[in-house]
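**Student:** After the structure tokens below, expect a handful of questions from me.
The values are calculated or read from the model by the stated rules, or taken from the named source; none is laboratory data. Since this is a predicted model, take the numbers as computed values, not measurements. Cβ: placed from backbone, ideal geometry, glycine included. Neighbour counts: every protein chain shown.
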């Protein structure tokens, strides 16, 4: 594969493998060096102990016995590992396997490394030994030593082991690196191909994954989850887009038809003005929908905390009551409020007013004549509850989720005026505050806003980002 | 004749506004960009200004800020296509006197310009009088001639505002903002219901009406002729 080679060599994974292999080799070399050092040290210490014990034994003997012991010992050492010799005070050899006292050897010092000079021209190498020299009572010098050639042998063995083990290890590392690199490349190529298809609009495409424990698979599963979410959102948006188009086009179409008809058929100025007024009303309805949509977007996207402060709920309830009482009266609806508590929350007064006004507006709108609307402020557990109840039809079980959808208008109320965005707006305001909206199913409408008491700034942020739903659809209807 | 300076970059909008204001006997000067607008404002010393929020050359709010720093107190109505609540707050904080979101009804604009030009002077009067209608702000009592009118607190507030702005067209949006401090437009026609009740109390069956609705626009409290 001529194309494969350069790409493999350029791949980051392969470079990493190369670095790891080099580090591995370095580590092995250092490790073997350390083992060698330790072994040599151990051997030296051991031979020092042996020769010290030996010389101590010889020193304790009488001169005759010592000579005999030296000769005996040399006889028993065919490998010539041992060095034993006695010299007279002038340095002449009396007996032993050394010709003279080694020049660097300190008399009466501790065991030390010393070089035995070459005497025999046949002997090509100088020997390095551990040796001790002692001057004895009779003035003679006793030298005891031991060849430590084993250390060199060990270093050779170690060197061979490195040569034998390191090269295959290094190659193995490189091979593993190359394999991993190729595998990763293949998967990335696969993923990027699929991602490109998703970017091109193929929203059903998903990333491949194997077992759950593998990092690539974990990532793919997360990305797939994200794609699922996005797909749902995009479909929802498409739905909203259609709803917007429908709700905006209907009044605009009406306006257009009225204007055209007015231009062609109006026989008097009054008729024309009437047509224009109707058309303007149609345009105004479209505009009010646009305004509501923009407002919804504004509330949903802002962390609008500039207007936040202490809001006395009882006072707010009173104002809403004041505002809507004549409207309720006009429809022969009894509206009552119970807000004796001096409860307050941290929030944006204008927005909370808007939310509550929306709920009361809805309650009055959907309650038949002679009915009742009740505004209540109460405290229950850790919550301050704003409750709006009415004796209208309420929200049917099946419709409770839909009412929060933008532009949703129940078929029963198709002809009641409104933008169909009221409850979406309420939900957005409630969410912004970190409060929760509870919608109970009918008969009889009941909606509650639950405000946790003493909600600090931190708590509010948590509530907003938390996974707990901000809107609860209550199955059980409290009596 | 009041002189109004209009700073608006869309010439068609400017043309309609100019024509409408001229019809109502305003003298209108028009500037199409921010820098020219600021120069005109300095040179002309208009009685009121209508300033678009986004302008070429210089931002509408920057013009107001500059003028306010020069201690020019000319009342300003800010026009904006940005309807965001925060934007409105900013516009008013910087020195705008009123704020109108595009698109707007022309009557709304005229009513607001007139309100700016006739802002009530800060009097220390404790009784407001329009014709025979009297409102005692201390005793919280209302009388029309010899007839005492019983008003609920909310009705009192509404009448007080209308008497302070008598003979001026007050649109529903203006009343919601000023009397009820609503920063949003409610779905139901709240203002009409409240106004209906107030009118019922103020204008007796045999009395000449004082509260007039102007179709499609708003309400006026007029001195009966």
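Conditions tested, residue by residue: (1) more than 60 Å from the chain's Cα centre (by Cα); (2) not in a loop (DSSP other than H, G, I, E, B).
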site	(1), (2)
A:34	no, yes
A:39	no, yes
A:44	no, yes
A:56	yes, yes
A:68	yes, yes
A:86	yes, yes
A:94	yes, yes
A:100	yes, no
A:103	yes, no
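One line per residue, one yes/no per condition, for (1) within 30 Å of residue A:425 (Cα to Cα); (2) at pLDDT 90 or above; (3) over 39 Å from the mean Cα position of the chain (by Cα):
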position: A:207; (1), (2), (3): no, no, no
position: A:235; (1), (2), (3): yes, no, no
position: A:251; (1), (2), (3): yes, no, yes
position: A:279; (1), (2), (3): yes, yes, yes
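**Student:** OK, next. Do we find that residue A:270 is on the phi < 0 side of the Ramachandran plot, within 11 Å of chain B (Cβ to nearest Cβ) and out of contact with any strand residue (DSSP E or B) (no Cβ under 7 Å at 6 or more places or on another chain) in this structure? Talk me through it step by step, then tell me what you get.
**Tutor:** On the way: on the phi < 0 side of the Ramachandran plot: yes; within 11 Å of chain B (Cβ to nearest Cβ): no; out of contact with any strand residue (DSSP E or B) (no Cβ under 7 Å at 6 or more places or on another chain): yes.
No.
**Student:** Considering only region B:93-106, state which residues are assigned to a helix (DSSP H, G or I) and in contact (Cβ under 8 Å) with a residue 24 or more places away in the chain. Write out each step before concluding.
**Tutor:** Step one: filter region B:93-106 for residues assigned to a helix (DSSP H, G or I), giving B:93, B:106.
Within region B:93-106, just B:106 meets the criteria.
**Student:** Those residues that are surrounded by 13 or more Cβ atoms within 10 Å (Cβ to Cβ) and free of Cβ contacts under 8 Å to residues at least 24 places away in the same chain, I need them from region B:193-208; list them, please. Full working, then the answer.
**Tutor:** Initial filter on region B:193-208 (surrounded by 13 or more Cβ atoms within 10 Å (Cβ to Cβ)): B:193-199, B:201-204, B:207.
Passing the criteria: B:193, B:196, B:199, B:203.
**Student:** Go through region B:41-62 residue by residue and tally those that are more than 23 Å from residue B:107 (Cα to Cα) and outside any loop (DSSP other than H, G, I, E, B). Walk me through it before giving the result.
**Tutor:** Of region B:41-62, the ones more than 23 Å from residue B:107 (Cα to Cα) are B:41-45, B:55-59, B:61-62.
The next check asks that each one be outside any loop (DSSP other than H, G, I, E, B); those that pass are B:41-44, B:61-62.
Summing the residues that are more than 23 Å from residue B:107 (Cα to Cα) and outside any loop (DSSP other than H, G, I, E, B) in region B:41-62 gives 6.
**Student:** Output yes when any residue across region B:168-190 is in contact (Cβ under 8 Å) with a residue 12 or more places away in the chain, within 17 Å of residue A:325 (Cβ to Cβ), in contact with a strand residue (DSSP E or B) (Cβ under 6 Å, 6 or more places away or on another chain) and within 14 Å of another protein chain (Cβ to nearest Cβ), and no when none is.
**Tutor:** No: region B:168-190 contains no residue that is in contact (Cβ under 8 Å) with a residue 12 or more places away in the chain, within 17 Å of residue A:325 (Cβ to Cβ), in contact with a strand residue (DSSP E or B) (Cβ under 6 Å, 6 or more places away or on another chain) and within 14 Å of another protein chain (Cβ to nearest Cβ).
**Student:** Take the residues in region B:214-225 that are surrounded by fewer than 17 Cβ atoms within 10 Å (Cβ to Cβ) and within 30 Å of residue A:362 (Cβ to Cβ), then tell me which one is farthest from the other protein chains (Cβ to nearest Cβ).
**Tutor:** B:214
**Student:** Out of region B:191-200, which residues are more than 7 Å from chain A (Cβ to nearest Cβ) and within 18 Å of residue B:214 (Cβ to Cβ)? Quick ask: steps written out before the conclusion?
**Tutor:** First, pick out the residues of region B:191-200 that are more than 7 Å from chain A (Cβ to nearest Cβ): B:191-192, B:195-196, B:198-200.
Within region B:191-200, B:191, B:192, B:195, B:196, B:198, B:199 qualify.
**Student:** State all residues of region B:21-40 that are more than 14 Å from residue B:2 (Cα to Cα), in a helix (DSSP H, G or I) and touching a strand residue (DSSP E or B) at 6+ places or on another chain (Cβ under 9 Å); if no residue qualifies, say none.
**Tutor:** If the condition is that a residue be more than 14 Å from residue B:2 (Cα to Cα), in a helix (DSSP H, G or I) and touching a strand residue (DSSP E or B) at 6+ places or on another chain (Cβ under 9 Å), then B:34, B:36, B:37, B:38, B:39, B:40 are the ones that fit.
Listed here are the residues, each with its yes/no results for (1) in the same structural domain as residue B:176 (by TED's automatic domain parsing); (2) surrounded by 16 or more Cβ atoms within 10 Å (Cβ to Cβ); (3) free of Cβ contacts under 8 Å to residues at least 60 places away in the same chain.
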{"residue": "B:42", "(1), (2), (3)": "no, no, yes"}
{"residue": "B:54", "(1), (2), (3)": "no, no, yes"}
{"residue": "B:76", "(1), (2), (3)": "no, yes, yes"}
{"residue": "B:91", "(1), (2), (3)": "no, yes, yes"}
{"residue": "B:108", "(1), (2), (3)": "no, yes, no"}
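**Student:** Something else now. For residue A:426, which of the numbered conditions (1) at pLDDT 85 or above; (2) more than 14 Å from every other protein chain (Cβ to nearest Cβ); (3) over 30 Å from the mean Cα position of the chain (by Cα) fails to hold?
**Tutor:** (2)
**Student:** Mind checking whether some residue in region B:201-213 is closer than 15 Å to residue B:111 by Cβ and more than 14 Å from chain A (Cβ to nearest Cβ)?
**Tutor:** Taking region B:201-213 as the starting set, the residues that turn out to be closer than 15 Å to residue B:111 by Cβ are B:212-213.
Next cut, more than 14 Å from chain A (Cβ to nearest Cβ) only: B:212-213.
For region B:201-213, residues closer than 15 Å to residue B:111 by Cβ and more than 14 Å from chain A (Cβ to nearest Cβ): present.
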